[in-house]
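The values are calculated or read from the model by the stated rules, or taken from the named source; none is laboratory data. Nothing here was measured: the structure is a model prediction, and the numbers come from that model. So basically every Cβ, Gly included, is an ideal-geometry build from the backbone, and we count neighbours across all protein chains shown. Surface areas here come from the heavy atoms of the whole protein model, side chains and all, with no ligands, DNA or RNA. Shrake-Rupley method; radii C 1.70, N 1.55, O 1.52, S 1.80 Å.
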Amino acid sequence: MRRSRISVSLDSEVEAASGAWNRYLEIDNSRLVDTFVGQLRSNLECTTCGHSSVTFDPFWDLSLPIAKHQMKPVTLQNCLQLYTDKETLDGDEKPNCEQCNRRQKHSKSLRIYKFPKILVLHLKRFTPDGRKLDSMIDFPEKLDLKEYAAENAKESSTSYQLYAVSNHSGTVSFGHYTAYCRHPVSGQWYLCDDVRVEAASSNRIVSQQAYILFYEMI
């Protein structure tokens, strides 16, 4: 799908986001989209002239880089912060600045504009050079994403409850998948391992094998 980047003021961002969302629905509109798809606000700012441009893009999941902390445990909030922090686009990654009319160094930042009913968070455990990161990521059962919301965000809620975790054990070339799932009524957690399903303690959910996290809006 072709992405269109447009310059907008804060007052017109609601209209721009709505237009981008409606164009996406013309291509892909289903109950799955209504349940799983959110919308990101991406801001590019030229470091030379300060010109900003904004894009609104749909997402099915957020692929989070794993933060590195030598002296303390890594948390999911650390990974979310790293994902939304400003990054510098330079060298071959320089975008074209509409104001300067040439490729310039830019800063890029991401915020969530539309929050999905089901939020899927993918922990990027596999590196481009073929390694797997076994870092322990501490993630909460209840998650509030308000600090990662865009200004003028379309907020129905920013609060989520963890209901499932997909785990990967093994290496890049060989591995095994299991899952923890929470019963929607009793709140009891269960381990699903092929045909075997057994009750599990909630303190087992956070592990070095956690790979994809599923949160439902509350």
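In summary, strands (runs of 3 or more DSSP E) completely within the range 132-181 and bearing 3 or more residues that are aliphatic (A, V, I, L, M) and under 18 Å from residue 214 (Cβ atoms) occur at 159-170. Pairing each residue of the range 135-162 that is more than 19 Å from residue 69 (Cβ to Cβ) and among the basic types (Lys, Arg) with any residue that is open to solvent by less than 20 Å² (accessible area, probe 1.4 Å) and assigned to a loop (DSSP other than H, G, I, E, B), provided the two are 6+ apart or on different chains, yields C-beta distances under 6 Å for 146/158. Checked across the range 97-112, the condition of being under 25 Å from residue 217 (Cα atoms), in a strand (DSSP E or B), open to solvent by 70 Å² or more (accessible area, probe 1.4 Å) and of a type outside the set (Phe, Trp, Tyr) holds for at least one residue. Considering only the range 54-62, I want to know if a residue exists there that is touching an Asp or Glu at 6+ places or on another chain (Cβ under 7 Å) and buried (at least 19 other Cβ atoms within 10 Å of the Cβ). Yes, the range 54-62 contains a residue that is touching an Asp or Glu at 6+ places or on another chain (Cβ under 7 Å) and buried (at least 19 other Cβ atoms within 10 Å of the Cβ). Among residues of the range 205-218 that are part of a loop (DSSP other than H, G, I, E, B), those with a beta-carbon under 6 Å from a residue that is open to solvent by 50 Å² or more (accessible area, probe 1.4 Å) and of a type in the set (A, V, I, L, M) at least six positions away or on a different chain give the pairs 208/136. The residue that is surrounded by the most Cβ atoms within 10 Å (Cβ to Cβ), among those in the range 138-172 that are touching a helix residue (DSSP H, G or I) at 6+ places or on another chain (Cβ under 6 Å) and within 27 Å of residue 188 (Cα to Cα), is 139.
Looking across the range 89-106, just one residue is closer than 28 Å to residue 120 by Cα and in contact (Cβ under 8 Å) with a residue 24 or more places away in the chain, and that is 89.
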